[in-house]
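Reviewing the structure listed below.
Only the coordinates and a few stated rules stand behind these numbers; no lab work does. The shown structure was predicted, so the numbers you read here are calculated from the model rather than taken from an experiment. Virtual Cβ from ideal backbone geometry, glycine too; neighbours counted across all protein chains shown.
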Amino acid sequence: MKYAVALIGTERNRMRTTLLMLVASLALHTTAAELPPRTALDDYIDRADDSHAWQIAATQEVEGTRIVVVDMVSQHWLTDAEVDRTEWRHWLRLSIPPTVSTDIGFLYITGGQNTDTVPEVLDPGMIAIANATGSVVAELGMVPNQPLVFDGDGVPRGEDDLIAYNWAQSLPGDGSRLALDAMTKSAVRAMDTVSAVLATPAGGEHRVERFVVSGGSKRGWTTWLVGAVDDRVVAIVPIVFDALNSEASMRHHFAAYGYFSQTVGDYVRHGILPRLGEPAVSKLMRVVDPYQYRHRVTVPKLILNATGDEYFLPDSSRFYWNGLRGENYLRYVPNSPHSMQGTDVLDTVAAFHWLLVNDRRPPRFSWTHNDGALRVVASDQPESVLLWQATNPASRDFRLAILGPAFTSTSVEADEHGIYTARVPAPDRGWRAWFLELTFEVGAPKPLKLTTEVVVTPDVLPFENKPIHLPTSITVVCSATDPAKARDAVHGAPKEALAIDKMTTEILGDRLYVNWTPAGDMRTSALAIGEFLEAEGCGNGYFQLESGEGMTLPPAR
């Protein structure tokens, strides 16, 4: 049973303006003059730190591509009195093609563990990008450095758990000690290192001083921030971080689901999301919300998101897209989870990077959404246009893990004016998500796929009036051949063994809903009840992090 992923580890309707959308609209129209000229992030990046160092740890040749592995120290973060490991160390792996034809490098930010040894397994995707574009590709690992143990805590923390815990400990608003500050500085120092290594004989004596920066999830978050603080960045490709204008986006998340997804569980149990809107939380959120830096990030941007993301809703771009500056390109990948596993997303990355290093402008098109229709006007002719759509008859929820690969496509042809139009009505029951995808042959080894924003119809948030700040309870939803048997078993189990307090249950079809208040640690309780239900034949489960007592049931059931 893989219930507690995060708990245990880690048609716009213009006629209907809700308070939530009004708040978002006001945020979108904030002027650059109202944004801070400097933030705690800038102060941290500019702070002198003489610990930056590097040495070449290994080299090898792979079919003409030179691989150079660098052991790099990016910085010291916090003090020995605050954390068990202040030195941030990274493996930085460079793929140098036989012919380097550009001074633009590609920096891809990834994760990893502090205990990782010299990387020996090569990433064929990064090597392919290097060879296809004639550019050096650098993979920066261990962002953030993890696990870390904070003073007075004693718990090894990584990924979202590390970020959320550190965030909570930084309240009431000290933005100078956030892990995301250090994650950003890691990438800044990686660019320094790449330029230095490539200038040496071992690096081929190449000159690389400009960078396209990319990364996924928290590293996508970092990608945005690097673009805001370093002028060497000529383009960014953030992947699956669909949470700019973060407070509005996460309120939208809750108003659509009626609870927080288990994947953002670390930000719930560390008290960040239940305190949205409180001054201290808002102050820290502004430091690391990329939307606050949009006036700086004017370089070309390719934003890659997943329609089935477990963290973010597919229409999250509504909170930031119209406020971005410069040239902006978007792709929502259909039937993709947060991991983008099994998709062609790297082909899109490679094609975009190929255009940049060859000084070619990506295809241009624009879209409008009104009167229930999406209309696309393309300045550059696409090879094909597809309408993708999926329907959930029960909930405003399009997560791949919940709905499955429900998005299907149909071809769309241009009218006599060259306009591509799609009109998708609301379903009789539930919600429908839809968007247009354009494929362009640009001269790169692979075509470039771009999309419009995703429209959800009806544009109704079923839980927009539900309070967000109440104490957390948990609902587990699982499927069983005999859900009544599992229900009776969980009611008969000792509450102490399951680490629960109050409990209620509900059966809908083959699904059992169990809501409880944790008696102690949320993760311990979730693990206990998840294992118990699995033993009782109730599997394929997921958690809902509720605001207050009681379970959230599908609103259109």
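The table for this structure:
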item	result
Rg/Rh ratio calculated on Cα atoms of the stretch 101-152 (Kirkwood radius)	1.13
Kirkwood-Stokes translational diffusion coefficient of the stretch 41-360, alpha-carbon pairs, 25 °C, 0.890 mPa s, µm²/s	123 µm²/s
Stretchable slack from Thr86 to Ala196, in nm (0.36 nm times residue separation minus alpha-carbon distance)	37.2 nm
Mean-position separation - Cα centroids, the stretch 260-286 and the stretch 160-212, in angstrom	24 Å
Which listed pairs, of Lys283/Lys449; Lys283/Lys466; Lys218/Lys449; Lys301/Lys466; Lys218/Lys502, have C-alpha distances above 26 Å, in listed order	Lys283/Lys449; Lys301/Lys466; Lys218/Lys502
Asp510 versus Arg325: modelled label distance in nm, points set 7 Å from Cα along the beta carbon direction	5.4 nm
Full-stretch length increase - Arg361, Glu416 - with 0.36 nm per residue and alpha-carbon distance subtracted	17.2 nm
Residues Thr133, Thr504 arranged by fewest to most Cβ contacts within 10 Å	Thr504, Thr133
Over the stretch 72-126, volume per residue of the alpha carbon convex hull, in Å³	113 Å³
Counting all C-alpha pairs of the stretch 472-547, share separated by more than 20 Å (%)	18 percent
Value of relative contact order over the stretch 41-360, rounded to a whole percent, pairs C-alpha under 8 Å and six or more apart	15 percent
More than 26 angstrom apart: percent of Cα pairs within the stretch 129-268	35 percent
Residues whose placed amide H lies under 5 Å from that of Ala58, excluding near-sequence neighbours	Val69
Hz values of 3J(HN,Hα) by residue in the stretch 532-541 - Karplus curve (6.51, -1.76, 1.60), Gly and Pro given as x	5, 5, 4, 5, 8, x, 10, x, 6, x
Spin-label model distance (nm) - Leu122 vs Asn540, 7 Å beyond Cα toward Cβ	4.1 nm
Evaluated over the stretch 71-208, the Cα radius of gyration and Dmax, each in Å	16.8, 52
Reciprocal mean inverse distance between Cα atoms of the chain - Kirkwood radius, Å	24.7 Å
Loop trypsin sites (Lys or Arg not before Pro), the stretch 57-100 (other Cβ atoms within 10 Å of the site Cβ: 12 or fewer; DSSP)	none
